């Protein structure tokens, strides 16, 4: 019997946002793996668990996923990680990957699980869903992500202001991820579109160091953390009629 | 000292997806409130808790939020709920609203908290973030919601196919909510856009009765549950360049 490969989503940083299911896996005898950017580096995911009363197992395994967009370097890293994991699974022990946030949302778990299943197609993979950082940001700021019939667009800000202009008429909420490299431009854009008062900035959402800035204009010129997002509500969206209810109709 | 009004997000249905923080509040002596559509009706949120080992308190309070889009009827319902809650808070006891999914995502908690704070501006409101249904759907289907630099659009399907056509070029993933009333039309649309194989249908995501259908074309003509969504991956999106990294640049 092979062990199972489990992605335990731990939420964005607050150890209280770990689900009971993820907690149970952490308490089991599954081998813990945690991602780092470089050998011996800090792991945000492991950091979440160290803020709990759980004892650190003696045999935790570090998996190096370099911070690069070079596909070949990444492929080698995933293959190496898969080679570490598969023998453990084949020996019958479960392996749990500690994942910050939600494993289906901007995590590398999908890639890793593909490489593992390439090495051994019989490995069963289980993903335990978790709280994404932008839901934690919405909770902390008391700004709804979505109310009835609302639309939500989640986009890395790096696609630029023309893209934001194209999306704006379609969305009640925009979640702008990784705003750091164009923070000043985004602030100017919000100002021009009359949305400054509808935006909130959140650094390290859900983590102990979380910082919330409601008056985002104050951030102009500031160097913010890489893990920064903005929630933008768009009260001016012109809505089409929405087809609701339980009756099937032709459109 | 007033009590706190707490929204405890319970996740989409699997009691294992309740966070430790929400669990702690449920174990405290806070007064439980749960939403129903009509007096004495079933509460999905309460149902999640009944599937745990927690004992049901004797004094739980039902709050009626009718399933209507009539603003006046809803306003009366929220006002009535707020009138039930505020005296408890003013007597110094915490009140916890049981919320299915995530309290910031398509829940009525935002409305309720506004009415409570209208009656008593000094009430402190706390939102505990939870796992949204579409993250649970992604985990169950092993379909990523977002990989590196991806964009995600979350839209009620009821806005129609023209709206989907307008959004498609901008998104790597579309989450189509409440697909029931136009299920057949959406299936035809997916077929025309070459996306049938990239879509998955999930009924009651994250709940014990969850149903996953990978071959969505099989659903044509079927009457599905109201709580149904589709995840659609769009591998053909033409991406602009994304500005990344930590250096600030002008755009």
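FYI, it's all coordinate maths here, none of it is from the lab. Owing to the predicted nature of the structure, the values given are computational and were not obtained by experimental measurement. Every residue, glycine among them, receives a Cβ derived from its backbone with ideal geometry; neighbour counts consider all protein chains shown.
For helix B:109-119, report the angle its Cα long axis makes with the longest principal axis of the Cα atoms of chain B; keep it between 0 and 90° and round to the nearest 10°. Approximately 30 degrees, to the nearest 10.
Specify, per residue and in Å³, the volume enclosed by the convex hull of the alpha carbon atoms belonging to the protein assembly as shown. Intermediate results must be reported in sequence, preceding the final value.
Values: hull volume 78.2 nm³, N = 502.
About 156 Å³ per residue, rounded to a whole number.
Note: relative contact order over the stretch B:133-233, using C-alpha pairs below 8 Å and six or more positions apart, is 31 percent. The residue B:238 and residue B:196 beta-carbon pair, evaluated with R₀ = 22 Å, returns a calculated FRET efficiency of approximately 0.60. With an 8 Å cut-off on Cα pairs and a minimum separation of 6 or more residues, tell me the relative contact order of chain B in percent. Taking the mean separation of contacting Cα pairs over the length of chain B, I get 21 percent. In nanometers and ordered shortest first, the copy-to-copy spacing of the residue B:124 label point, defined 7 Å from Cα toward Cβ, is 4.5. Counting every other Cβ atom within 10 Å of each residue's Cβ, B:20, A:37 order from fewest to most as A:37, B:20. Each DSSP beta bridge with both residues in the stretch B:133-233 is either parallel or antiparallel, and the antiparallel ones are about 70%. Between 0 and 90 degrees, the angle of helix B:71-90 with respect to the longest Cα principal axis of chain B falls at about 50 degrees.
For residue A:50, inter-copy separations between label points set 7 Å beyond Cα along the Cβ vector come to 4.4 nm, shortest first. Using Cα atoms only, what is the angle between the long axis of helix B:183-192 and the major principal axis of chain B, expressed in degrees (0 to 90) to the nearest 10? The two axes meet at around 30 degrees.
Which whole-number percent of Cα pairs in the stretch A:133-233 have a distance greater than 20 Å? It would help to have the intermediate numbers written out before the result.
Numbers: 1446 of 5050 pairs.
I get 29 percent for the Cα pairs in the stretch A:133-233 exceeding 20 Å.
Which FRET efficiency value, to the nearest 0.05, do you get for residue B:4 and residue A:61 by plugging their Cβ-Cβ distance into 1/(1 + (r/R0)^6) with R0 = 45 Å? If you can, show how the numbers build up before the last one.
Working: r = 41 Å, r/R0 = 0.91.
For R0 = 45 Å, the calculated efficiency reads 0.65.
Please compute the contact order of the stretch B:5-128 in relative form: average sequence separation of alpha-carbon pairs under 8 Å and at least six residues apart, divided by the residue count, as a percent. Averaging sequence separation for qualifying contacts and normalising by length gives 41 percent for the stretch B:5-128. With neighbours defined as other Cβ atoms within 10 Å of a residue's Cβ, the residues A:151, A:105, B:110 order from fewest to most as B:110, A:151, A:105. When Rg and Dmax are taken over the Cα atoms of the stretch B:33-160, they come to 17.0, 49 Å.
For residue A:64, the point set 7 Å out from Cα toward Cβ sits 6.5 nm from its twins in the other copies, listed from shortest up. Kirkwood hydrodynamic radius computed over chain B comes to 20.0 Å, based on all pairs of distinct alpha carbons. Ranked by how many other Cβ atoms sit within 10 Å of their own Cβ, fewest first, the residues A:115, B:226 fall in the order B:226, A:115.
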